[in-house]
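Asks: Have a look at this one before I ask anything.
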Amino acid sequence: MLVRLAEQIEGLALRSAPAGAARLMGALPPAALASIQAARFRRTLKLAAARSSFYREAFRHRGIQVERIEHPSQLGDFYTTGEDLRSHGADAFLTGRADTAFETTGTTSPVPKRVFFSTRELNAMGTASAAALYLLGLRREDTVMSAFDCSFWVSPAVARSAVQYIGCFHVEAGKIDPLDCYNHAALYRPSVILGEPSWMVRFAAIAAERGTWPVKLMLAGGENIAESARREVERVWSAPLYLNYGQTEAFGSIGLECREQQGYHRNDLHFLFEVDRPDAEGYGELIYTTLTRDVMPLIRYRASDVTRLIDEPCPCGLFVRRIARIRARSDEMVVCGMGNVGPWVFDEILRGVPSADEWQAVLTSDGRFDVIDLRVESDGVAGAPALERIVLDHLRERFPDFWKNRDMRLYTLRVTAVPRGSLRTGRKLRRIVDER
Ligand SMILES: [Zn+2]
């Protein structure tokens with residue numbers, strides 16, 4: 001009964017204009033959420049077991065009787081991994097007729113993961129994203145420019161679908177050279193700019209030199225951004241830069257920041273989230289199960305991102321719960337002489353270092369101890385000794401434990417300045433490379 005009522009509210013919301021949708025979803029009784037998730041989970045699990053050869057085989061092999069499973073946690077140590085998608089291929093996961101597909105390469109393998117969707121699913125994600133963007137301030141009178149990479153990537157499709165529900169003018173630049181893009185953009189003067197964080201940083205640097213125009217908000221997705229780089233982009237445009245957290249496997253959006261910029265409000269109606277083996281602070285690998293997909297549902301998919309679920313209310317007042325900022329990709333966490341290290345450690349060490357937005361840490365061994373080579377893109381390569389001094393100062397002030405390990409000569413930290421643009425070769429930059 002509660003589930004039916006909640007689903008009716010949601011159905012109405014999805015057919016409403018974004019303003020109404022956002023209001024209606026806020027009216028969803030909180031108790032209804034758990035019931036709606038449970039009902040959708042059972043439906044998804046049955047569909048996967050009946051139609052996907054991968055899940056049918058996996059459940060049979062493990063003796064899992066799906067009709068007895070009420071919650072993903074009852075599936076024990078069964079998970080779906082990116083490697084499963086690669087090695088079994090998308091066909092093994094299909095449960096219905098697909099209309100389109102997107103790909104993701106990630107940072108671990110050159111073999112793409114392919115994920116299939118229906119137009120109905122695209123439209124549902126579009127309306128949900130439209131309601132979220134409305135809450136951030138996007139309106140019909142805005143001009144949107146998207147600089148998302150269009151090659152097999154899901155984000156431009158979801159953005160286009162969302163913008164169409166809001167009804168605003170929009171142009172699609174694709175991911176081209178920021179200077180080239182700036183010359184085009186200056187003619188449209190977009191009030192809303194979408195792009196990948198590292199691209200936004202370069203674009204803002206060009207705008208700082210050549211001139212800005214009034215911008216209402218910016219939205220970036222596809223990777224993390226250091227807070228100092230975000231503040232610089234916001235300073236240049238005098239507008240907020242919001243982050244979206246998503247994956248192609250999740251059809252683009254898992255969660256979106258609100259005006260507080262303290263974690264991503266998560267999409268609990270479309271996903272059921274878990275955290276695998278959380279540490280004392282609740283951080284662990286994010287696991288999600290899709291709840292509304294009928295072409296290629298994913299059961300307990302390992303997101304390979306380390307974060308925690310935040311169930312406390314957000315200061316913004318929105319009822320939707322959150323996911324904390326992503327700390328690292330789980331395959332980028334390393335245990336080394338420095339300590340238990342992830343990309344956020346270097347982000348924090350480099351915070352406040354002028355023009356150090358791109359970096360990569362390469363781990364090797366001198367035979368006895370770990371050597372960490374922190375490569376930082378910098379304009380003046382001659383400034384390397386100065387750069388190293390700042391990095392060491394920050395290490396001492398901000399990570400006393402890691403500093404102590406250095407005092408004990410448990411590792412060597414080298415800082416190398418490299419030319420601008422030399423680290424990033426693909427869409428994503430692998431932050432920590434373990435070559436030991
Ligand atoms: Zn909030």
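Asks: Springs between alpha-carbon pairs under 10 angstrom, Gaussian network model over the chain: which of Asp177, Asp347, Asp268 fluctuates most?
Replies: Of Asp177, Asp347, Asp268, the most mobile in the Gaussian network model is Asp177.
Asks: With every atom except the alpha carbons ignored, what do you get for Rg and Dmax of region 134-188, in angstroms?
Replies: 11.7, 31
Asks: 5 Å is the cut-off here: which amide hydrogens, built 1.01 Å from N in the peptide plane, fall below it relative to Asp370, excluding neighbours closer than 5 in sequence?
Replies: Residues meeting the criterion, in which the H sits 1.01 Å from N, are Gly337, Thr412.
Asks: Work out the length of the dipole vector of the chain about its Cα centre, built from +1 on the beta-carbon of each Lys and Arg and -1 on the beta-carbon of each Asp and Glu, and round it to the nearest 20 debye.
Replies: 860
Asks: Something else about it: What do you get for trypsin sites (Lys or Arg not before Pro) in region 352-416 restricted to DSSP loop and a cutoff of at most 15 other Cβ within 10 Å of the site's Cβ?
Replies: Working: sites: Arg368, Arg375, Arg389, Arg396, Arg398, Lys404, Arg406, Arg409, Arg414; in loops: Arg368, Arg409.
Sparse-neighbourhood loop trypsin sites (Lys or Arg not before Pro): Arg368, Arg409.
Asks: Share of antiparallel DSSP beta bridges in the chain, in percent to the nearest 5?
Replies: The antiparallel proportion sits near 55 percent.
Asks: How high is the FRET efficiency between Asp99 and Glu281 when r is their beta carbon distance and R₀ equals 51 Å, given to the nearest 0.05?
Replies: Efficiency at R0 = 51 Å is approximately 0.75.
Asks: Specify the angular offset, from 0 to 90 degrees and rounded to the nearest 10, of the alpha carbon long axis of helix 227-237 from the longest principal axis of the alpha carbons in the chain.
Replies: With rounding to tens, the tilt is 80 degrees.
Asks: Convex hull over the alpha-carbon atoms of region 287-406: what's its volume per residue in Å³?
Replies: Details: hull volume 22.4 nm³, N = 120.
Per residue, the Cα convex hull of region 287-406 comes to 187 Å³.
Asks: Sort Val144, Val66 so the one with the fewest other Cβ atoms within 10 Å of its own Cβ comes first.
Replies: Listed from fewest to most nearby Cβ atoms, that is Val66, Val144.
Asks: Oh, and also: Could you point to the residue in Phe346, Cys316, Leu387 farthest towards the positive end of region 303-436's charge dipole, with +1 and -1 charges on the Cβ of Lys/Arg and Asp/Glu respectively?
Replies: My answer, from the dipole projection, is Cys316.
Asks: Compute the long axis of helix 119-136 from its Cα atoms, compare it with the longest principal axis of the Cα atoms of the chain, and write down the angle in degrees, 0 to 90, nearest 10.
Replies: Relative to the chain, helix 119-136 is tipped by roughly 60 degrees.
Asks: Please name which of Ile176, Ile254, Ile64 has its Cα lying farthest along the dipole of the chain towards the positive end, using unit charges on Cβ (Lys, Arg +1; Asp, Glu -1) and the Cα centre as origin.
Replies: Result: Ile64.
Asks: Report, in debye and to the nearest 20, how large the dipole of region 133-232 comes out about its Cα centre when Lys and Arg carry +1 and Asp and Glu carry -1 on their Cβ.
Replies: About 300 debye.
Asks: Under 20 °C and 1.002 mPa s, how fast does region 255-320 diffuse according to Stokes-Einstein, given a Kirkwood radius computed over C-alpha pairs? Answer in µm²/s, whole number.
Replies: Diffusion coefficient, whole number: 166 µm²/s.
Asks: When the helices in the chain are scored as -39500 (n - 2.57) per DSSP H run of 4 or longer and the sum is shared across all residues, what 222 nm value do you end up with, to the nearest 500 deg cm²/dmol?
Replies: -11500 deg cm²/dmol
Asks: Residue-wise, which Karplus ³J(HN,Hα) couplings in Hz belong to region 181-193, taking 6.51 cos²θ - 1.76 cosθ + 1.60, θ = phi - 60°, and x for glycine or proline?
Replies: 4, 4, 4, 6, 4, 4, 7, 8, 6, x, 8, 9, 10
Asks: Also: Find the relative contact order for the chain and round it to a whole percent, using C-alpha pairs within less than 8 Å whose residues are 6+ positions apart.
Replies: Relative contact order comes out at 12 percent.
Asks: Starting from 0.36 nm per residue, how many nanometres of slack lie between Thr412 and Ala31 once their C-alpha separation is accounted for? Before the final figure, lay out each step's value.
Replies: Values: separation 381, 0.36 × 381 = 137.16 nm, distance 5.30 nm.
Length gained between Thr412 and Ala31: 131.9 nm.
Asks: Here's a follow-up. Take region 164-302, compute every pairwise Cα distance, and split them into 10 Å bins from 0; I just need the percent in each bin.
Replies: With a bin width of 10 Å, the distribution comes to 10, 35, 31, 18, 6, 0.
Asks: Grab the beta carbon distance between Gln74 and Thr143, set R0 = 35 Å, and tell me the FRET efficiency rounded to 0.05.
Replies: 0.10
Asks: If you don't mind, another one. Please list 3J(HN,Hα) in residue order for region 395-400, calculated via the Karplus relation 6.51 cos²θ - 1.76 cosθ + 1.60 where θ = phi - 60°; whole Hz, with x for glycine and proline.
Replies: 4, 5, 6, 9, 9, x
Asks: In a solvent-free Debye calculation with one equal scatterer on each Cα, what is log10 I(q)/I(0) for region 71-202 at q = 0.12, 0.13, 0.16 Å⁻¹, listed in the order of the q values?
Replies: With no solvent term, the Cα-only Debye profile gives -0.61, -0.70, -0.95.
Asks: Could I ask something else about it? Expected output is a single nm value to one decimal: the length gained when fully extending between Ser365 and Val335, i.e. 0.36 nm times separation in residues minus the C-alpha distance. What is it?
Replies: Once the chain is fully extended between Ser365 and Val335, it gains 9.5 nm.
Asks: While we're on this one: Using a cut-off of 11 Å between beta-carbons, work out the net charge of the residues near Gly337 (Lys and Arg +1, Asp and Glu -1, Gly337 not included).
Replies: Numbers: positive: Arg368, Arg406, Arg409, Arg436; negative: Asp366, Asp370.
Local net charge: +2.
Asks: Additional query: Show log10 I(q)/I(0) for the chain at q = 0.06, 0.10 Å⁻¹, two decimals, from a solvent-free Debye sum over equal Cα scatterers.
Replies: Values returned for q = 0.06, 0.10 Å⁻¹ are -0.27, -0.75.
Asks: Related question: In whole Hz and in residue order, list the ³J(HN,Hα) couplings for region 197-207 that follow from phi through the Karplus curve 6.51 cos²θ - 1.76 cosθ + 1.60, θ = phi - 60°; x for Gly and Pro.
Replies: 3J(HN,Hα) across region 197-207, in whole Hz: x, 5, 5, 4, 5, 5, 4, 5, 5, 5, 5.
Asks: Please state, to two decimals, what the Cα-based radius of gyration of region 245-291 comes to when divided by 2.2 N^0.38 Å (N = residues).
Replies: Its radius of gyration relative to the 2.2 N^0.38 Å reference: 1.20.
Asks: Still on this structure, please answer the following. Against the longest alpha carbon principal axis of the chain, how many degrees, from 0 to 90 and to the nearest 10, is the axis of helix 154-166 turned?
Replies: 60
Asks: R0 = 22 Å: FRET efficiency of Asp311 with Arg231, Cβ-based, nearest 0.05?
Replies: Numbers: r = 28 Å, r/R0 = 1.27.
After rounding to 0.05, the efficiency reads 0.20.
Asks: Dipole of region 215-357, Cα-centred, from +1 at each Lys and Arg C-beta and -1 at each Asp and Glu C-beta, to the nearest 20 debye?
Replies: So the magnitude is around 300 debye.
Asks: Let me ask something additional. So how much slack lies between Trp213 and Ser422, counting 0.36 nm per residue of separation and subtracting their Cα-Cα distance, in nm? Kindly include the intermediate steps, with their values, before the conclusion.
Replies: Values: separation 209, 0.36 × 209 = 75.24 nm, distance 3.02 nm.
Roughly 72.2 nm would be gained on extension.
Throughout, read-outs are computed from the coordinates displayed, never taken from laboratory work. Small disclaimer: the values here were computed from a predicted structure and weren't measured. When we count neighbours, we look across all protein chains shown, and the Cβ atoms used for this are built from the backbone with ideal geometry, even at glycine.
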